[in-house]
Amino acid sequence: MTKSALQIARSLYAPKMPEVLKSNVKIEEGAATESVLDQKEIKELFPNTYGMPIVKFVPSSEPLSGNQPINVGVILSGGQAPGGHNVIAGIFDGIKSINPDSQLYGFLMGPAGLVDHKYVELTSDIIDEYRNTGGFDIIGSGRTKLETKEQFDKGLVILKELNIKALVIIGGDDSNTNACVLAEYYKSINSGVQVIGCPKTIDGDLKNDQIETSFGFDTACKVYSELIGNIQRDCNSARKYWHFIKVMGRSASHIALECALQTHPNFCIVSEEVEAKEMTLDEIVDQIASVVAQRAEKGLNFGTVIIPEGLIEFIPAVKLLISELNDFLANTEEVSIVRRSQQREYIINKLSPANSKIYSKLPEKVARQLALDRDPHGNVQVSMIQTEELLAEMVANRLEEWAKEGKFNGKFSTITHFFGYEGRCAAPSNYDADYCYSLGYTASMLIASGKTGYMSSVRNTTAPANQWIPGGIPITMMMNMERRSGEMKPVIQKALVELQGAPFKYFESQRYKWAVETDYVYPGPIQYFGPTEVCDQPSKTLQLEQGAK
């Protein structure tokens with residue numbers, strides 16, 4: 001593998017970790033837990049793994065598990081997030097610290113590798129190639145869901161063949177929900193296989209009091225913020241464009257909010273606020289247009305707007321439109337035989353008056369994406385809807401109306417962007433490199449302690465790394481019942497932006513100033529070497545959340 005100078009230097013970086021993990025540890029258990037909601041239903045579904053205590057590691061004079069070798073399997077599940085390789089390195093180093101004869105096996109291309117018995121032994125030579133690097137290419141990732149008894153049993157065959165005592169699933173809320181179901185099943189049949197989860201998602205929506213942040217969020221937001229800062233510097237230089245920038249985050253607006261806190265854009269939409277205030281698409285357009293007009297009065301015909309990827313699904317009226325479109329298109333094939341040029345008018349005439357009015361206002365491209373460009377299950381492909389283009393066009397139309405009424409006397413030219421894949425496989429920041437390594441090492445200690453159905457947890461991460469608190473949280477504690485594909489199923493509850501939380505409150509206190517002034521911040525690229533205040537700082541979101549406690 002050919003490496004850049006930075007890769008070579010990073011390969012020598014020794015991740016900082018909690019002081020307690022540098023010597024023998026033991027488990028300290030807290031009180032029994034319960035699920036975040038639907039306690040009765042979750043307890044019935046998980047009788048073997050429900051109600052377990054939160055645990056943390058404390059110093060001990062004795063080694064865990066009697067220094068016996070442990071064989072462990074690992075799966076990378078779902079979308080990539082910076083730091084995944086360091087989680088695996090942490091697991092590897094952790095089980096080798098227990099006994100040098102311990103072995104680590106990586107299942108290839110996600111959960112499918114377990115079911116299809118495709119794996120590789122991860123040796124020190126392989127691990128060393130990937131330390132402190134981005135991506136999931138050490139073993140690949142996939143989106144196969146582990147949901148059926150047949151899959152569990154097929155996986156158990158290869159786990160027994162390799163004498164694997166524990167499986168670590170590194171993934172987001174869905175992947176860790178599957179890990180919880182798998183842990184319950186394997187314990188119910190006394191398989192002898194433990195299952196541990198690790199919290200991964202750049203979207204930042206897998207967290208609670210014990211899981212301070214999901215790994216990859218810090219790095220991805222710093223990458224996007226660098227790009228936004230670069231655009232804002234260009235913006236302030238050319239002074240002729242409004243940039244509409246969509247960032248990842250379908251289910252929550254954590255990325256949009258964090259990027260706003262880092263860069264001070266002129267406008268940032270937070271989907272959770274849109275939903276809470278039951279805002280219409282027209283109201284969002286009016287708010288952006290008003291900021292454009294205010295800046296134009298000061299001769300500032302430029303600016304930046306940050307948009308979360310999942311905005312469309314948070315606008316109540318648009319959500320109702322999508323629901324009616326889903327029902328209509330699922331029960332008719334007529335639209336497919338109508339001429340393409342007439343399809344939009346045909347759909348408008350079939351919708352209820354309220355939804356017909358909304359649909360008729362949408363730009364042609366977006367209207368088609370909502371109605372006709374569906375996934376194989378017939379659902380709207382939200383990430384494919386170019387919300388940034390929709391808003392740019394609708395704001396332009398609104399300003400044109402205002403200009404005719406004498407309410408706008410400026411210039412409005414737009415450029416649109418979508419930042420997604422640019423951040424998912426970046427080389428992890430020092431925070432993510434350290435945090436991920438500690439998560440992996442902690443997972444190995446949970447395994448050595450005989451735990452199953454737990455998620456690796458490292459807390460107090462706004463303090464220096466040697467003061468971090470490693471431990472574990474029962475995955476059932478994070479679960480509730482939600483309707484999925486027409487059925488009520490147990491899933492990990494997504495963590496949305498809290499409108500009463502410190503990060504949003506700070507943003508709310510500053511956004512009107514950022515709107516009319518050019519108070520841009522230019523974060524620049526991630527720094528890996530230098531003073532701690534430059535290299536090791538966690539996200540603004542985490543700093544504000546921890547400072548508020």
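The values are calculated or read from the model by the stated rules, or taken from the named source; none is laboratory data. Keep in mind that this is a model prediction, so the values were computed, not measured. Virtual Cβ from ideal backbone geometry, glycine too; neighbours counted across all protein chains shown.
When you look at ALA433, is it outside any helix (DSSP H, G or I), within 15 Å of ASP218 (Cα to Cα) and within 18 Å of the chain's Cα centre (by Cα), yes or no?
For ALA433, the condition - outside any helix (DSSP H, G or I), within 15 Å of ASP218 (Cα to Cα) and within 18 Å of the chain's Cα centre (by Cα) - is not met.
Given the conditions (1) assigned by TED's automatic domain parsing to the domain that holds GLU388; (2) part of a strand (DSSP E or B); (3) not charged (D, E, K, R), and given that ILE231 satisfies all but one, which numbered condition is not satisfied?
Here ILE231 meets the rest and fails (2).
Any idea which of ILE228, ILE312 is modelled with pLDDT of 95 or more and buried (at least 18 other Cβ atoms within 10 Å of the Cβ)?
ILE228
Are there any pairs, at least 6 apart or on different chains, whose C-beta atoms fall under 6 Å, with the first in the range 366-390 and farther than 17 Å from THR414 by Cβ and of a type outside the set (A, V, I, L, M, F, W, C) and the second outside any helix (DSSP H, G or I) and at pLDDT below 65, and if so, which?
Every condition considered, the pairs that remain are GLN381/ASP375.
Can you find a residue that is surrounded by 19 or more Cβ atoms within 10 Å (Cβ to Cβ) and among the basic types (Lys, Arg) anywhere in the range 247-257?
No, the range 247-257 contains no residue that is surrounded by 19 or more Cβ atoms within 10 Å (Cβ to Cβ) and among the basic types (Lys, Arg).
State whether one or more residues within the range 231-248 are touching a helix residue (DSSP H, G or I) at 6+ places or on another chain (Cβ under 7 Å) and among the polar types (S, T, N, Q).
yes
For the range 101-130: of the residues being touching a Pro at 6+ places or on another chain (Cβ under 8 Å) and in a loop (DSSP other than H, G, I, E, B), which is nearest to ASN86 (Cα to Cα)?
Ranking the candidates gives SER102 first.
When the residues of the range 470-487 are filtered to those that are touching a residue at least 40 places away in the same chain (Cβ under 8 Å) and in a strand (DSSP E or B), which remaining residue is nearest to LEU206 (Cα to Cα)?
My answer is MET479.
In the range 144-181, how many residues are over 23 Å from ILE98 (Cβ atoms) and either aliphatic (A, V, I, L, M) or not assigned by TED's automatic domain parsing to the domain that holds ALA89 (or both)?
4
Identify, please: which residue in the range 408-456 is in contact with a helix residue (DSSP H, G or I) (Cβ under 6 Å, 6 or more places away or on another chain) and β-branched (Val, Ile, Thr) and is, among those, farthest from TYR13 (Cα to Cα)?
Looking at residues that are in contact with a helix residue (DSSP H, G or I) (Cβ under 6 Å, 6 or more places away or on another chain) and β-branched (Val, Ile, Thr), I get THR414.
Going residue by residue through the range 421-428, is there one that turns out to be hydrophobic (A, V, I, L, M, F, W, C), in a loop (DSSP other than H, G, I, E, B), touching a strand residue (DSSP E or B) at 6+ places or on another chain (Cβ under 8 Å) and more than 30 Å from VAL25 (Cα to Cα)?
Checked the range 421-428: no residue is hydrophobic (A, V, I, L, M, F, W, C), in a loop (DSSP other than H, G, I, E, B), touching a strand residue (DSSP E or B) at 6+ places or on another chain (Cβ under 8 Å) and more than 30 Å from VAL25 (Cα to Cα).
This table checks each residue for (1) of a type in the set (Phe, Trp, Tyr); (2) surrounded by fewer than 16 Cβ atoms within 10 Å (Cβ to Cβ); (3) in a loop (DSSP other than H, G, I, E, B); (4) modelled with pLDDT of 95 or more.
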| position | (1), (2), (3), (4) |
| --- | --- |
| THR2 | no, yes, yes, no |
| ILE8 | no, yes, no, no |
| ILE27 | no, no, no, yes |
| GLU44 | no, yes, no, yes |
| GLY90 | no, no, no, yes |
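Among (1) in contact with a Pro (Cβ under 9 Å, 6 or more places away or on another chain); (2) in a strand (DSSP E or B), there is one condition THR416 misses while meeting the rest; what is its number?
(1)
Looking at GLU389, GLU345, which is the one that is of a type in the set (D, E, K, R) and modelled with pLDDT of 90 or more?
Exactly one of GLU389, GLU345 is of a type in the set (D, E, K, R) and modelled with pLDDT of 90 or more, namely GLU389.
Scan the range 471-505 residue by residue and report those that are over 25 Å from CYS436 (Cβ atoms) and surrounded by 19 or more Cβ atoms within 10 Å (Cβ to Cβ).
Those that are over 25 Å from CYS436 (Cβ atoms) and surrounded by 19 or more Cβ atoms within 10 Å (Cβ to Cβ): PRO490, PHE504.
Out of VAL491, VAL497, VAL534, VAL521, I need the residue that is free of Cβ contacts under 8 Å to residues at least 24 places away in the same chain and hydrophobic (A, V, I, L, M, F, W, C). Which one?
Testing whether each residue is free of Cβ contacts under 8 Å to residues at least 24 places away in the same chain and hydrophobic (A, V, I, L, M, F, W, C) leaves just VAL534.
Would you point out the residue of the range 436-469, among those that are out of contact with any Ser or Thr (no Cβ under 9 Å at 6 or more places or on another chain) and assigned to a loop (DSSP other than H, G, I, E, B), that is nearest to HIS243 (Cα to Cα)?
Checked the range 436-469; the qualifying residue nearest to HIS243 (Cα to Cα) is THR462.
Could you list, in sequence order, the residues of the range 177-215 that are under 18 Å from HIS254 (Cα atoms) and assigned to a strand (DSSP E or B)?
Those that are under 18 Å from HIS254 (Cα atoms) and assigned to a strand (DSSP E or B): PRO199, LYS200, PHE215.
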